[in-house]
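Since the structure comes first, as structure tokens, the remarks are kept for the end.
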Amino acid sequence: MVFLPNKKMRPASFSLFLFFLLFIHGTKAKNLIHETCRTCAQSDPNINYTFCASSLQAAPASRRASVRGLGSISITLIEQNVTDTRHFIKHLMGMKLDSYVKECLSDCFDLYTDAIDSVQKAREQYNSKQYDEANVVISTVLDATSTCEGGFTEKKGLVSPLT
């Protein structure tokens, strides 16, 4: 699944989502996505049930996935989102824009480049069952996206072209 780059990414949602994936058991495969997303959304106000369920359902592999498989799919979705957003930022940097906006986009480009590396590291940790470590690293992706958006808010009246 590819997220549109102008949609605000919520890696924190997936971060806590990964944590809860490890603790949900006894759910039939066809209900696993809904039960997992419902549990996560009830436990964290940053997790939107509809977004969680629709994102996972759009991934073909999720239909046969275990809880652990859904965690892996979540990491893939985060990686695709971060990568697509980075490409969109690069596209915007080539346009005629205010110099302040270009500076912010340059900072965002660097942050998203680092975020891609972080997601890849989290995948390695997740695959080697270092779930707490993977969760911490995924949380750094949230920090990167928040820092990026924060740069645009420092200039009064400026709206981020990424949201």
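Conditions tested, residue by residue: (1) closer than 24 Å to Asp44 by Cα; (2) touching a Phe, Trp or Tyr at 6+ places or on another chain (Cβ under 9 Å).
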| residue | (1), (2) |
| --- | --- |
| Lys96 | no, no |
| Cys104 | no, yes |
| Phe109 | no, no |
| Asp117 | no, no |
| Asn135 | yes, yes |
| Ala144 | yes, yes |
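Conditions tested, residue by residue: (1) within 11 Å of the chain's Cα centre (by Cα); (2) of a type outside the set (D, E, K, R); (3) within 23 Å of Gln130 (Cα to Cα).
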{"position": "Ser74", "(1), (2), (3)": "yes, yes, yes"}
{"position": "Met95", "(1), (2), (3)": "no, yes, no"}
{"position": "Asp114", "(1), (2), (3)": "no, no, yes"}
{"position": "Val119", "(1), (2), (3)": "yes, yes, yes"}
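Which residues, counting only those in the range 104-144, are buried (at least 17 other Cβ atoms within 10 Å of the Cβ), closer than 18 Å to Arg68 by Cα, polar (S, T, N, Q) and modelled with pLDDT under 95?
Residue satisfying the conditions is Asn135 alone.
Given the criterion of a type in the set (Phe, Trp, Tyr) and touching a Lys or Arg at 6+ places or on another chain (Cβ under 6 Å), identify the matching residue among Tyr126, Tyr131, Tyr100.
Working: Tyr126 fails: touching a Lys or Arg at 6+ places or on another chain (Cβ under 6 Å); Tyr131 fails: touching a Lys or Arg at 6+ places or on another chain (Cβ under 6 Å).
Tyr100 is the lone residue from the list that is of a type in the set (Phe, Trp, Tyr) and touching a Lys or Arg at 6+ places or on another chain (Cβ under 6 Å).
Could you tell me which of the residues Ser66, Ser74, Ser62 is crowded, with 19+ Cβ neighbours inside 10 Å, out of contact with any Lys or Arg (no Cβ under 7 Å at 6 or more places or on another chain) and more than 21 Å from Thr145 (Cβ to Cβ)?
That would be Ser62, the only listed residue that is crowded, with 19+ Cβ neighbours inside 10 Å, out of contact with any Lys or Arg (no Cβ under 7 Å at 6 or more places or on another chain) and more than 21 Å from Thr145 (Cβ to Cβ).
Could you please let me know if Thr50 is at pLDDT 90 or above, under 17 Å from Ser118 (Cα atoms), hydroxyl-bearing (Ser, Thr, Tyr) and in a helix (DSSP H, G or I)?
Here the answer is no, as Thr50 does not meet what is asked.
Would you check which residues across the range 145-162 are surrounded by fewer than 17 Cβ atoms within 10 Å (Cβ to Cβ) and more than 24 Å from Ala122 (Cβ to Cβ) and list them?
Thr153, Glu154, Lys155, Lys156, Gly157, Leu158, Val159
Can you tell which of Lys129, Lys102 is on the phi > 0 side of the Ramachandran plot, more than 18 Å from the chain's Cα centre (by Cα) and free of Cβ contacts under 8 Å to residues at least 12 places away in the same chain?
Lys129
Restricting to the range 52-92, what's the tally of residues that are farther than 22 Å from Glu124 by Cβ and touching a Ser or Thr at 6+ places or on another chain (Cβ under 7 Å)?
1
State all residues of the range 119-163 that are touching a helix residue (DSSP H, G or I) at 6+ places or on another chain (Cβ under 6 Å) and acidic (Asp, Glu); if no residue qualifies, say none.
Answer for the range 119-163, where residues must be touching a helix residue (DSSP H, G or I) at 6+ places or on another chain (Cβ under 6 Å) and acidic (Asp, Glu): just Glu133.
Looking at His87, is it surrounded by fewer than 16 Cβ atoms within 10 Å (Cβ to Cβ), in contact (Cβ under 8 Å) with a residue 60 or more places away in the chain and closer than 22 Å to Thr163 by Cα?
For His87, the condition - surrounded by fewer than 16 Cβ atoms within 10 Å (Cβ to Cβ), in contact (Cβ under 8 Å) with a residue 60 or more places away in the chain and closer than 22 Å to Thr163 by Cα - is met.
Could you tell me how many of the residues in the range 132-163 are more than 21 Å from Phe88 (Cβ to Cβ), more than 16 Å from the chain's Cα centre (by Cα) and among the aliphatic types (A, V, I, L, M)?
Count: 0.
The values are calculated or read from the model by the stated rules, or taken from the named source; none is laboratory data. What you see is a predicted model; the values in this text were computed from it and never measured. Note: ideal-geometry Cβ built from the backbone for every residue, glycine included; neighbour counts use all protein chains shown.
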